[in-house]
Each structure stands twice: as C-alpha cells, then as structure tokens.
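The values are calculated or read from the model by the stated rules, or taken from the named source; none is laboratory data. Because the structure is a prediction, the values reported are computed rather than measured. Don't worry about glycine lacking a Cβ; one is built from the backbone with ideal geometry, like all the others, and counts go over all protein chains shown. To get the accessible areas, we keep the full protein, side chains included, count just its heavy atoms, and leave off ligands, DNA and RNA. Shrake-Rupley method; radii C 1.70, N 1.55, O 1.52, S 1.80 Å.
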Amino acid sequence: MKKNELIEFLQRQNEFLQGRLDEALASVNSLTLANEKLVATVDELRKQIASLEDVIKGKGEELNKEKAARQAVQRLQGSPSERQAKPVSTPATTGTRQQKPEKKRTNNGAKRKTHPECEVETVVVEPDSPDFNPEAATFIGECDVVRYVMEPMRFKKIIYKVRKYVQDEKIYKGSAPAAPLLNSQYTSSFIAGLTELRYLHCMPLENAVEYFRAHGFDLDKGTAQKLVSKVKIHLENLYKALGQAIVADNYICGDETYQKVRLQVATPSGRKIKKGYVWVFVGMTTGLVYFFYDDGSRSAEVFEQHIRGFSGAFQCDYYSGYRHIGIGGMSGIKVQPSAIAGKP
C-alpha cells in the first residue's frame, strides 16, 4: 500500500472512530439526563410521603382528642351529681289511667335496603270503602308501600308453525330460531339454567333434575346428563381460549394462594384434607382473569406450563417459583416483583 493510500485509509478510520465516539458521548449525556430526572422524581415522592405521614399523625391526634372528650362527657353523664331528676307527672283526674305516649317505630335505627336491582312495577290503589265516591272526593296525597315478590322459574313450550309456500316452482320456508346444540330442542336459557345449578351452585345433577321437576318440568336425568356433557366441552374450549388470551397480553400479574381440599382417599397419616394451591393470572391490558389448578401443586413447573409463550412484563411477589423466569429457558419475560409480598 502506498503512502498516500495509507494516509487516506487512516483518515477514514479516524473519522469513523470519531463518529462512534460522538454517538457514545450522546448516549452518556442522555443517560445522565434520565438519571437526573429519576432522582428528582424519587425526591418528590419522598416529600409527598413525608407530607402524608404528617397528615396521618395530625388526624390521629384529632381522633384521640375527640375520643377523650367523649369519654369525659360519658363520665359526667354517669355522675350522680350531674343526673337530672325526672319530672313527676300528675294525672289530670284521679281514677283515670294515664296513657303512655306512642313510641315511634324506628326499626332499631337500621336502614332498609331499596333494592334498585329489582324490576319495578307501580300499582295505584284506590280506596275500596263502599261509602267512597271518587267524583265527590278531593285528592290530598299518596304514600308508597313496598312489597317484594319472587316468581319461581317458569317453563314454556313454544311451538313454531313453520309454513311452506311454493312460488314460481320455488319452495319458500320459514325458519325457526336456531338451538345452541345440534338436534336439540332446548334453548340457551334452558341450558344456561341447568348449567348454573350444576357448576355455579355446585348442585348434583340429581338435585338439579328434582329442582326442575318441583317447578313444573319433568326432565329426565339422561337428557340432563347429555346437555351438561355437551356444555362441558364448550366450557373447556372457552377455558383454553381464556388461557391463550391471557398469555397474549403484554402485562400480567400473577399470584398463588392455598385452599383446603378434601381427599377421596385418606393419607397414610389418616388425614382426608390437604392444603392445595390455586394459581391466578390477571391480564392488566385486557382485564381478563385466569385461574388454574394442578392437583394443588405449588411447584414452579405448574407456573411455567401456563406461562409458556408469554413475552412481556410479569409482576409477582418474591416466591421462589418466580425467581428464575426471564433467565435461561424462559427468555422474553421481564420480572417486576411487587413491593407487597403476596399481592400482585
């Protein structure tokens, strides 16, 4: 390589290195500014926390003063010197019994619930006295009297007369409402009622069938079993879809808690109850909640099986089962431990 070519090559290298150095200096400056902003934010939060602590202390002192004042008033009222003698009332005429003033009904200070969730029906009630003449009477007002009514479940058999017509050598036929299950006569409301009793209220299928019969529908146990088994398949598919939707979120909070579980077979020690753990994921973007359970296990393998494929921020407590996520085989997961242990 000639001398001029060597000098030109070294100049290009120098310019390239100088550009990289300028980029590095710019990055250092931006990081310095971000660090300064973070420090300022932390200082501001500390000031706010200190002011809140001062307010809480002031409120505590005011409550203590009020409590001491109430106790002092109660002591004064209980003192014999402070009690006032009750006035003795003398009857107006001897030989007649004095009537006691009628006590006002207060329902012991309890407030009745208004039940705004109920369907409201308004009925106007007119006087039913034979001496009442609405044309000669003058309306002076009305009062509200509330009564709550419960109507048990009702069953209806709807027969759709599907008509057929021929027009221009073409057949036209009406269409009845579709059933949720193929070759089934039961509507979604019927199936939902049976499923609610079975799964939401944990009612055995025999009791659910008897409940339907008590309210006017003779449902066979075999028919109920088929309906529940078909609905179970759809519920399992919805459950799997819910798990996939949770993992597709980019921000998940997770936690686990224990519950006493009854065992079908006793343990060698004779116990029929064990501590089983239930896990939960909450999608903070979608608002979905996903529970999962694996024979009550708290092993990290249960967590890893359901978090597989997730890429985002996962917020949790300091349970050891969460500590290695984002490291090794579970890459793509960022860990953001919660400041409050056990609460995501």
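Cβ neighbours within 10 Å, averaged per peptide: list 167-180, 112-125 in order, most packed at the top.
Result, highest mean first: 167-180, 112-125.
For the stretch 189-312, the fraction of 1.4 Å probe accessible surface lying on carbon and sulfur atoms is 54 percent. Neighbours of Ala300, meaning other residues whose beta-carbon lies under 12 angstrom from its beta-carbon, give a summed charge of -2 when Lys and Arg score +1 and Asp and Glu score -1. Average accessible surface for the stretch 262-306: 67 Å² per residue, computed with a 1.4 Å probe over protein heavy atoms with every protein chain in place. Extension gain, Glu62 to Lys226: 0.36 nm times the residue separation minus the Cα-Cα distance gives 52.4 nm.
Taking a straight line from the alpha carbon of Lys260, these aspartates and glutamates sit under 16 Å away, with near neighbours fewer than eight places off in the same chain left out: Asp294, Asp295.
With a 1.4 Å probe and every protein chain kept in, tell me what percent of the accessible surface of the stretch 36-76 is carbon plus sulfur. If you can, show how the numbers build up before the last one.
On the way: 2330 of 3870 Å².
Accessible surface attributable to carbon and sulfur in the stretch 36-76 totals 60 percent.
For the pair Leu33 and Ala241, label points projected 7 Å from Cα toward Cβ lie 4.8 nm apart. Each residue, Ala26 and Ala214, gets one label point 7 Å from its Cα in the Cβ direction; the gap between the two is 7.7 nm. Each label point was placed 7 Å from the Cα along the Cα-to-Cβ direction; for Phe291 and Ser175 their separation is 3.9 nm.
The mean accessible area for residues of the stretch 166-205, using a 1.4 Å probe and ignoring ligands and nucleic acids, is 80 Å² per residue.
First select every other residue whose beta carbon is under 12 angstrom from the beta carbon of Gly321; then total the charges, Lys and Arg +1, Asp and Glu -1.
Values: positive: Arg298, Arg323; negative: Asp255, Glu256, Glu301, Glu304, Asp317.
Net of charged neighbours comes to -3.
Sequence-ordered 3J(HN,Hα) estimates for the stretch 204-217 from the Karplus curve with 6.51, -1.76 and 1.60 and θ = phi - 60° stand at x, 4, 4, 5, 5, 5, 5, 5, 5, 5, 5, 9, x, 9 Hz, glycine and proline given as x.
First select every other residue whose beta carbon is under 13 angstrom from the beta carbon of Phe281; then total the charges, Lys and Arg +1, Asp and Glu -1. It would help to have the intermediate numbers written out before the result.
On the way: positive: Arg308; negative: Asp249, Asp255, Glu256, Glu304.
In short, -3.
Highest average first, the peptides 137-146, 6-15, 286-295, 152-161 ordered by how many other beta carbon atoms sit within 10 Å of their residues are 286-295, 6-15, 152-161, 137-146.
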